[in-house]
1. Would you mind stating whether Ser462 is surrounded by fewer than 21 Cβ atoms within 10 Å (Cβ to Cβ), assigned by TED's automatic domain parsing to the domain that holds Gly402 and in contact (Cβ under 8 Å) with a residue 60 or more places away in the chain?
2. Check Thr316, Thr291, Thr270 and return the single one that is in contact with a helix residue (DSSP H, G or I) (Cβ under 7 Å, 6 or more places away or on another chain) and either surrounded by 21 or more Cβ atoms within 10 Å (Cβ to Cβ) or at pLDDT below 95 (or both).
3. Would you tally the residues in the range 142-189 being within 12 Å of the chain's Cα centre (by Cα) and of a type in the set (Ser, Thr, Tyr)?
4. Which is within 17 Å of Thr397 (Cβ to Cβ) and within 33 Å of the chain's Cα centre (by Cα), of Val446, Val451, Val470, Val487?
5. Here is a list of conditions, (1) modelled with pLDDT under 95; (2) acidic (Asp, Glu); (3) under 17 Å from Val65 (Cα atoms), and Glu203 meets all of them except one; can you say which number that is?
6. When the range 428-453 is examined, which residues are found to be crowded, with 17+ Cβ neighbours inside 10 Å and either farther than 28 Å from Gly141 by Cβ or among the acidic types (Asp, Glu) (or both)?
7. Going by the structure shown, is Glu289 under 32 Å from the mean Cα position of the chain (by Cα) and farther than 18 Å from His376 by Cα?
8. Do you know which of the residues in the range 328-357 that are of a type in the set (Asp, Glu) and without any contact (Cβ under 8 Å) to a residue 40 or more places away in the chain is surrounded by the fewest Cβ atoms within 10 Å (Cβ to Cβ)?
Amino acid sequence: MMRRWHLILGLGALMGATVTYIALQGGAVAQERTTVALTPQERATLASLESALMRIAEAVQPTVVHIRATRRVATLPRDEEMQEFLFEFGRGRIQIPRPRVEGQGSGVIIRSDGYIITNDHVVDGATDVEVTFHDGTKAKGEVLRAPSADIAVIKVNRRNLPAALLGDSSSVKPGQIVFAIGSPFGLENTLTMGVISAVGRREVIPGAGRTRFYPDLIQTDAAINSGNSGGPLVNSRGEVIGINTAIATGNFLGGNVGIGFAIPINRVKTIVQQLLEKGTYQRGYLGVEPTDVPAEMKEELKVEQGVLIRSVDRDTPAYRAGIQAGDIITEVDGTPVRNETHFRELIGDKEPGTKVKLKVLREGKPLNLEATLEVHPEDAKDASRTRAERSDADTSTLDRLGITVGEVPPALQRELGDGQGAYVRSVDSDSPAAGELEAGDVIVAVNNAPVRTAADLERALSRVPSGRTVQMRVLRTLEGRVREALVMFEMP
């Protein structure tokens, strides 16, 4: 990135030198300025347009945030011989940092009491999520995820935040002016402008450890790049009509080529409502593969709309309800089915366990069937994975603190004389304890509770509520002398 900026600046300097050279060769002392001959009406029109664009930016940008997601990967191997060597070589002050991967994205505030929308792929696998607001302040966030829909809600402990106005994506049409706002390549509060290029795009997009199906995307040529994910796509009234999600790129750098995609905000509203009400997102599941009815079949059967069922999975609600491959479903609970996308929405938006009435056309004859929807298998799997992640997070206090501990190395045991305590192997640079606790410290007490082993430390820390101050007594070797020190930090 630094080289890229140097290239641009260097090119600008070269162009400036060239212009100066030409001017000197011509013997000119001052360059004559050329202005475009605009009529007063044209100037007023342009001024009015600029003013409108600036007001949109001023209204919406404060609602957009930058998101930094930290993912922890596997710890490097640490055996006792290596710890012994590190202690003897650096008196316990050398550490092998635990590998971390940091991702970034954008988000938009939807409620003044601290609720923010972003893409799930921005926070997927994150152990720590940090939100930076328009005024530069930061806050840690907790996440509710809908992985199959690629939407997540981040909750931060803030009040009186500026919230964006959510629009109606059903009225979006090609040609409308739109703005993409976010943090491309970490450049916060970036605004780009374009138009709606198309609606109803269907894409299957791999990435972030899974492949996601997007049945109904908005396409735009407003510049969207890495880091824009999760930010808003805004119309000319300042209303959010989509969440920027993906780009099509024709070069190996992955940059913008004028083809970007956003999830329609109406779809997002449905997902967010379920996340906030239930803490999870689960689609209704029928167990069929639908497709649009071919034009010749519509003409032959005199069917104006509906979906053709290409296959039915066994042991599913559709199979038990008697739906067969080749059936045409024309209505769901009295609502006419327009096309495949609409059918998926009608089924997916209903809660698992709901009974749905289906109007079916089979070999030209109408049928009325009823099916009880189940949880979509993908959502059931995601819910199970999320519960496991939460369980791990709940039991791994040391992991949340970003510290690793072990037994006191034999060399240090000889120096201390008793070997009791928890030996600090590493402290993450962004840990709440960073700057206080150090690798090589031996923790002997937490809030006056004695610590003899790493298990004692885990139990003592688990009793400290989030936000409370932790007091640790540690033994620290400085210049060959062992000292007892008190360290304090806030529990995350």
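1. It is true that Ser462 is surrounded by fewer than 21 Cβ atoms within 10 Å (Cβ to Cβ), assigned by TED's automatic domain parsing to the domain that holds Gly402 and in contact (Cβ under 8 Å) with a residue 60 or more places away in the chain.
2. On the way: Thr316 fails: in contact with a helix residue (DSSP H, G or I) (Cβ under 7 Å, 6 or more places away or on another chain); Thr270 fails: in contact with a helix residue (DSSP H, G or I) (Cβ under 7 Å, 6 or more places away or on another chain).
The conditions single out Thr291.
3. 0
4. Numbers: Val446 fails: within 33 Å of the chain's Cα centre (by Cα); Val451 fails: within 33 Å of the chain's Cα centre (by Cα); Val487 fails: within 33 Å of the chain's Cα centre (by Cα).
After ruling out the rest, the residue left standing is Val470.
5. Among (1) modelled with pLDDT under 95; (2) acidic (Asp, Glu); (3) under 17 Å from Val65 (Cα atoms), Glu203 violates only (3).
6. As a first pass, look at the range 428-453 and keep what is crowded, with 17+ Cβ neighbours inside 10 Å: 428, 431-433, 436-446, 451.
Residues satisfying the conditions are Asp428, Glu436, Glu438, Ala439, Gly440, Asp441, Val442, Ile443, Val444, Ala445, Val451.
7. Values: under 32 Å from the mean Cα position of the chain (by Cα): yes; farther than 18 Å from His376 by Cα: no.
Spelling it out, it is not the case that Glu289 is under 32 Å from the mean Cα position of the chain (by Cα) and farther than 18 Å from His376 by Cα.
8. Our first condition is that a residue be of a type in the set (Asp, Glu); within the range 328-357, this holds for 331, 333, 340, 345, 349, 351.
From what's left, without any contact (Cβ under 8 Å) to a residue 40 or more places away in the chain: 331, 333.
On the way: Glu331: 17, Asp333: 12.
So the residue we want is Asp333.
The values are calculated or read from the model by the stated rules, or taken from the named source; none is laboratory data. These numbers come from a predicted model, not from an experiment. Reconstructed Cβ throughout: ideal geometry from the backbone, glycine too, with neighbour counts over all protein chains shown.
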